[in-house]
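Written below as structure tokens is the structure these notes are about.
A short reminder: the numbers here are calculations on the coordinates, not readings from a lab. Remember, it's a predicted structure, so these values are computed and weren't measured experimentally. Every residue, glycine as well, gets a Cβ built from its backbone with ideal geometry; the counts of neighbours run over all protein chains shown.
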Amino acid sequence: MKVKICGITNLEDAQDAINAGADALGFVFYPKSPRFIEPFAARKIVEKLPPFVMTVGLFVNEDNSFIKQACNNAKMQLAQIIDDDNYTDFNSLDVRYIKVLRAQSKEDIDNISADDFVLVDAFVESFGGEGKRVALEWFDKKNNTNIILAGGLNENNLQELKGFKFYGLDVSSGVEASKGKKDKQKMINFINAANEI
């Protein structure tokens, strides 16, 4: 099970996440988030990371030029994009990306193409990090091997995901001591629990 720890704001949390076994680190380039980080501040962290760790920039309703510039400035390998307002032209975006589906119904899940990897999060007005969960029954009898699940995950509820065969998990608030500051033990416990699914 792949695990991304999102909302990294400092080097210590990044190193603790990697030592806990995280496959990817997420950096939030959405100014209204309490986990927001400037691209060049993220770059300073990224330049100190060991190899084989994926770096992911989170964007909310941004155009192509901003996404490309921020990814370049922060040395992001992947853009994770919420595009509810259709700011992003995915056809001409020359940055590797994954779309975020903020699911509000089972129909949203049913419409996911088997050809694309998608990150599915619960719909909240503030664009994530609120601990709200997606209804698991929406994924029943579906091939979920191209889906990364986010929203309301923590070490205590991962056993509920057994059998769904998600590609990966994305966690932020579930491994925090406070908004923007991770808890080392919670990250270790989360990844250990994810490996048991």
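Things worth noting here:
- Amide H contacts of LYS182: ALA177, each under 5 Å away and 5 or more positions distant or on a separate chain (H built 1.01 Å from N in the peptide plane; Pro and chain starts excluded).
- Stokes-Einstein diffusion coefficient of segment 134-181, Kirkwood radius over Cα pairs, 10 °C, 1.306 mPa s, in µm²/s: 136 µm²/s
- Reachable aspartates and glutamates from LYS2, criterion Cα separation under 14 angstrom, eight or more residues apart if same chain: ASP23, ASP170, GLU196
- The sum of -39500 (n - 2.57) across all DSSP H runs of n ≥ 4, divided by the residue count of the chain, sets its helix-only mean residue ellipticity at 222 nm to -6500 deg cm²/dmol.
- Entries in LYS142/LYS181; LYS75/LYS184; LYS4/LYS162; LYS68/LYS141; LYS141/LYS184 that, when Cα-Cα distance is taken, lie over 29 Å: LYS142/LYS181; LYS68/LYS141; LYS141/LYS184
- Spatial separation of Cα centroids for segment 133-197 and segment 18-63, in angstrom: 19 Å
- Taking amide H as placed 1.01 Å from N in the peptide plane, the amide H of LEU58 sits under 5 Å from that of PHE27, VAL28, PHE29, GLN80, each at least 5 places away or on another chain.
- Relative to its residue count, segment 1-101 spans a Cα convex hull of 100 Å³ per residue.
- Residue-wise HN-Hα couplings along segment 97-107, as the Karplus relation 6.51 cos²θ - 1.76 cosθ + 1.60 with θ = phi - 60° gives them from phi, are 8, 10, 7, 9, 9, 8, 5, 10, 7, 4, 4 Hz; Gly and Pro carry x.
- Taking only Cα atoms of the chain, radius of gyration then Dmax in Å: 15.6, 43
- Order of ASP23, ASP116, ASP63 - criterion: other Cβ atoms within 10 Å of each residue's Cβ, fewest first: ASP116, ASP63, ASP23
- Packing-based exposure ordering (other Cβ within 10 Å, fewest first) of LYS162, LYS142: LYS162, LYS142
- Among 180-186, 16-22, sorting by the average number of other beta carbon atoms lying within 10 angstrom of each residue, highest first, gives 16-22, 180-186.
- For the chain, modelled as a GNM whose springs connect Cα atoms under 10 angstrom apart, the maximal fluctuation among ASN156, ASN111, ASN146 occurs at ASN111.
- Here the residues ARG35, ARG43, ranked from fewest to most Cβ neighbours within 10 Å of their Cβ, fall in the order ARG43, ARG35.
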